[in-house]
1. What length, rounded to one decimal in nm, is gained on full extension from ILE234 through to ASP87, with 0.36 nm per residue of separation minus their alpha-carbon distance?
2. Roughly how many Å is it from the Cα centre of the stretch 536-593 to that of the stretch 320-374, as a whole number?
3. Determine the relative contact order of the chain: mean sequence separation of Cα pairs under 8 Å and six or more apart, normalised by residue count, in whole percent.
4. Using r as the Cβ-Cβ distance of ALA366 and THR284, and R0 as 25 Å, what FRET efficiency do you calculate, to the nearest 0.05?
5. Over what distance in Å are the Cα centres of the stretch 375-428 and the stretch 199-271 separated?
6. At 0.36 nm per residue, minus the direct Cα-Cα distance, what do SER501 and LEU586 gain on full extension? Give it in nm, one decimal, please.
7. About its Cα centre, what dipole magnitude does the stretch 1-130 give when the only charges are +1 on Lys and Arg Cβ and -1 on Asp and Glu Cβ, stated in debye to the nearest 20?
8. At a 1.4 Å probe radius, carbon and sulfur cover how many percent of the accessible area of the chain?
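The values are calculated or read from the model by the stated rules, or taken from the named source; none is laboratory data. Just so it is clear, the structure is predicted and the values come from calculations on it, not from any experiment. Every residue, glycine among them, receives a Cβ derived from its backbone with ideal geometry; neighbour counts consider all protein chains shown. What goes into the accessible areas is simple: the full protein's heavy atoms, side chains included, and nothing from ligands, DNA or RNA. Shrake-Rupley method; radii C 1.70, N 1.55, O 1.52, S 1.80 Å.
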Amino acid sequence: MCGIIGYTGSQNAVPLIIEGLKKLEYRGYDSAGIAIFGKGSINVQKCKGRITALEQLISKTIVHYPLSIVNCSLGHTRWATHGEPSDVNSHPHVSGNNKIAIVHNGIIENYKELKEDLQAKGANFVSETDSEVIAQLAEYYHDGDILTTVTKLTSRLKGSYALGIMLCDRPDLLVAVKKDNPLIIGVSEHGNFIASDIPAVLKHTNKIYYLEDHEIALLYKDRVEFYGVDGAPIAKTLETVTWSVGDAEKGGEAHFMLKEIKEQPKILRDTINSLLSEGENKKTLDNFEITRYNKIVIVGCGSAYNAGVVAKYVFERLCRFPCIEVELASEFRYKDAVIDEKSLVILISQSGETADTIAAMREAKAKHADTFAIVNVIGSTLAKEAAYRIYTAAGPEIAVATTKAFSAQLIVLYMMAVRFSGREDLLPEIEAIPEKVAEILKQAEAIRELAQHCTRHKCIFFIGRNIDYAIALEGSLKLKEISYIHSEAYAGGELKHGTISLIEDGTLVVAIANCKTLHGKIMSNVEQVQSRGAKVILVGNCAESDIPLPDCYELFSPSLSAIALQLFSYYVALEKGLDIDKPRNLAKSVTVE
Ligand code: G6P
């Protein structure tokens with residue numbers, strides 16, 4: 001999804017913006033751009049492709065400006081929604097008179113109507129984007145008063161936006177405003193930043209203001225002012241984040257994904273501790289009264305949805321709730337769900353900014369259901385708007401394909417199940433998981449060797465039964481996300497109802513076998529596919545395993561299978577030489593529908 005970074009301060013802004021853009025790459029993008037003040041107008045450099053392409057462009061152009069005057073700038077990484085990825089559709093966009101530049105993350109739903117209106121008034125549009133109307137509209141309303149301009153501008157916009165604005169007549173000032181898309185303000189000793197996310201500014205500051213919808217921030221070199229849409233000043237609290245720069249960097253690994261896989265013993269321990277030792281997470285969990293509800297719906301997208309599928313098995317088996325559903329957020333929001341004030345909707349999300357999940361939460365609230373977010377990013381929309389929240393202590397996750405945040409979600413869900421079922425005797429089983437995960441990480445080289453022989457496959461099947469099927473879904477998703485190999489997950493018992501016709505000589509099947517009670521069943525599925533020529537990689541705690549996993553309480557075994565499957569996907573993609581941290585067409589945080 002698009003990324004925004006802006007800076008005004010005493011340092012040279014261009015390298016800071018480029019550095020910030022690189023930190024935002026993980027959000028997914030197809031083009032990048034930067035705006036600086038030139039001689040009486042705004043100079044924009046932007047192009048399709050990676051940030052390195054932008055750097056090359058800048059080295060040929062912006063370098064001609066005396067760098068000392070470039071101490072205020074806006075940058076953007078674009079992920080196309082309206083108009084193909086191209087130089088002209090990239091951000092920043094400038095107004096017709098070249099005196100206002102904007103960067104935008106979101107979608108302006110009424111842009112066609114606004115565009116026609118402005119064109120009738122003489123505006124000349126150059127791009128196919130929805131975002132360009134913002135720059136043109138800002139010029140139309142700009143009368144010298146910033147607050148009135150922004151208020152009039154935003155009152156015309158329908159849809160979602162996080163906006164950074166630069167105006168030629170105020171060369172040290174940056175304006176920020178948002179609705180339904182994230183924007184933070186970082187306050188450093190040498191200047192102030194706006195950014196879509198914290199890692200973009202973490203090298204310079206951990207002092208953050210979280211901008212709320214419809215608040216307007218005016219960033220000067222030495223101060224930040226906040227106003228409401230009525231123009232009245234607002235007092236906001238400057239918060240300190242505990243993430244370190246190292247948390248958001250590769251830490252010597254080849255990819256963020258591998259670094260994040262290896263961090264799992266620590267972040268799982270942190271997540272468990274956050275639920276057992278005094279603090280907000282523990283308070284929320286301990287005081288939560290589950291008996292108030294007669295229906296639970298677990299909602300998420302991608303891996304977060306898969307964590308929900310695991311949770312359904314765990315909640316049903318441990319808590320014996322009669323009515324638990326798992327829904328894809330994009331489906332749930334439009335299905336007119338049968339929920340009411342006796343329903344609990346659990347929303348799972350790493351970013352807390354996934355548009356479909358946020359919409360699902362708002363739909364649940366509109367129907368008077370209680371909402372409970374399991375979320376990684378503090379201060380995110382989901383975290384703020386849900387009635388209850390538990391934070392996963394995964395730290396910043398940069399690789400597009402989630403690993404550690406998914407694992408932390410599983411831990412939270414197990415802890416909830418244990419609490420709701422009164423099965424505190426199972427706590428030691430959860431507390432033992434980080435150590436077992438560390439054991440599996442020691443097998444990385446062996447998994448790499450197995451994975452190296454799997455790259456030629458056009459399709460790979462993942463099978464499992466019960467809880468092993470639930471985690472097979474995540475293994476399959478991970479593989480297709482980063483290796484571009486088609487893959488499907490099936491419940492072992494379902495093979496005979498169709499899928500088995502796809503099995504032929506040399507087909508690769510990854511079978512997961514941690515369910516002791518169903519061991520015979522999955523092994524007979526393995527035989528069925530082997531007898532039709534399939535090659536099988538067995539992952540699990542049984543003697544026959546190719547990737548052996550430590551013994552574990554059956555319902556919590558997805559936490560162990562997940563690690564093996566993450567490593568497997570990682571090494572397949574590595575062997576194929578792919579862009580593992582930024583797979584094609586995918587975005588870390590999908591903030592538009
Ligand atoms: C994107 C990512 C997935 C992720 C999903 C949900 O599609 O590519 O890896 O699982 O969003 O993201 P969330 O931030 O809500 O967990």
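1. Result for the pair: 49.1 nm of gain on full extension.
2. 27 Å
3. With pairs under 8 Å counted, the relative contact order is 12 percent.
4. The value I calculate is 0.65.
5. 19 Å
6. 27.5 nm
7. My answer is approximately 400 debye.
8. That share works out to 50 percent.
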